[in-house]
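Accompanying notes for the structure given below.
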Amino acid sequence: MISASAHPNVALIKYWGKSHDALRIPATPSLSIPLLAFRTETSIEVARKRDEVILSGQEDKSGRIANWLRILRGDLGLDMPPLTVRSSSNFPSAAGLASSASGFAALTLAINALLDLDLDMPSLSRLARLGSASAARSVSTGFIALDGRENAHTAWSAQKVLDYDAWPLGVCVAICSHTPKAVSSAAGMNRSRDTSPAYNAWLTGNRQMFERTVNAVTARDFEALASAARWSFFGMLTVMQSSVPPLNYFNESTCAVIQAIKTLQDQGVPVFFTCDAGPHVKCVHLPEYAALVEARIRAVPGVLEAIQACP
Ligand code: PMV
């Protein structure tokens, strides 16, 4: 039996929309940091007859991992026996905390070890990307960029821009619901691509912000990072809200946390927020403000938990 673990990540520059559905090629580049307190542990062993996938103790009925294993064996020609996969996470899944990212990344790392593939980071990230595009950014930790120029499988892989230790930003996560999301990210982003009048402007603007962000991370410029992350978040939100029918992943507590963070910003605290396809708010701050940010989030009515996701 082989075990591996991976962390989910939060994108500061978002991807929302694909240019190739089956190959899960994002329509825009993205850049993330890991949520180190959250973890998915995955173990695999050779099965007798067919693949078996058990997530948090329950047989996986979605078929998502089984499909991905078929792609690895079929399209990529990986010589892999039937597997029993067992995976569990220490955080809520399917509610916008990127459990698919850490799940596919951990499974990719386990397969790499079981089959002695000895793949480098770009190759690992491409395999993980075929399961979930954000998983490409979870095969390693640090400030991770997922970029590519052509609409081809081999062109889109992740690279490390900076070690996390070189700029250990804090991330406090406000858990605002335990209910799974009603519209999956995959369905939501396809709806946006097909119906939102803001979609094309989003693609162009987000690439510019990505390039600015790589420079901001390299220079460890918090203000520049916050400004690009703000653009990317509100750009994605505009596209979600202008989709037909509109996509709404937030609840009242989400909005209340955002208001609390805006108040902290007005008081000069170096903190910014971002959200994904779910109600939780990820608040990124300079490390010395961890206690203050956490206390303010915890005091917001409706917040179920405030978790420091980075040491
Ligand atoms: O990796 P997916 O296909 O589940 O999509 C994730 C999309 C966002 O979390 C909203 C943005 C991102 O870049 O992680």
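Among the candidates 37, 106, single out the residue that is farther than 30 Å from residue 200 by Cβ, buried (at least 24 other Cβ atoms within 10 Å of the Cβ) and either outside the structural domain of residue 227 (by TED's automatic domain parsing) or away from the ligand (no atom under 16 Å from the Cβ) (or both).
Numbers: 37 fails: buried (at least 24 other Cβ atoms within 10 Å of the Cβ).
After ruling out the rest, the residue left standing is 106.
Would you point out the residue of the stretch 15-34, among those that are in a loop (DSSP other than H, G, I, E, B), more than 9 Å from the ligand (Cβ to nearest atom) and of a type in the set (A, V, I, L, M, F, W, C), that is nearest to residue 161 (Cα to Cα)? Show your work before the answer.
Let us first name the residues in the stretch 15-34 that are in a loop (DSSP other than H, G, I, E, B), namely 15-17, 21-24, 27-29.
Those still in the list that are more than 9 Å from the ligand (Cβ to nearest atom) too: 17, 21-23, 27, 29.
Among the residues that remain, those that are also of a type in the set (A, V, I, L, M, F, W, C) are: 22-23, 27.
Details: 22: 27, 23: 24, 27: 20 Å.
Ranking the qualifying residues of the stretch 15-34, first place goes to 27.
The condition of being within 16 Å of the ligand (Cβ to nearest atom), under 21 Å from residue 34 (Cα atoms), out of contact with any strand residue (DSSP E or B) (no Cβ under 7 Å at 6 or more places or on another chain) and not assigned by TED's automatic domain parsing to the domain that holds residue 142 holds for only one of 240, 236, that being 236.
Look at residue 128 and say whether it is within 16 Å of the ligand (Cβ to nearest atom) and free of Cβ contacts under 8 Å to residues at least 40 places away in the same chain. Answer is yes for this residue. Among what's in the stretch 191-235 and is of a type in the set (D, E, K, R) and in contact with a helix residue (DSSP H, G or I) (Cβ under 7 Å, 6 or more places away or on another chain), pick the residue that is surrounded by the fewest Cβ atoms within 10 Å (Cβ to Cβ). Once the filter is applied, the top-ranked residue is 212.
The values are calculated or read from the model by the stated rules, or taken from the named source; none is laboratory data. Being a predicted model, the structure only gives us computed values, none of them experimental. Neighbour counts run over all protein chains shown; Cβ positions are idealised from the backbone, glycine included.
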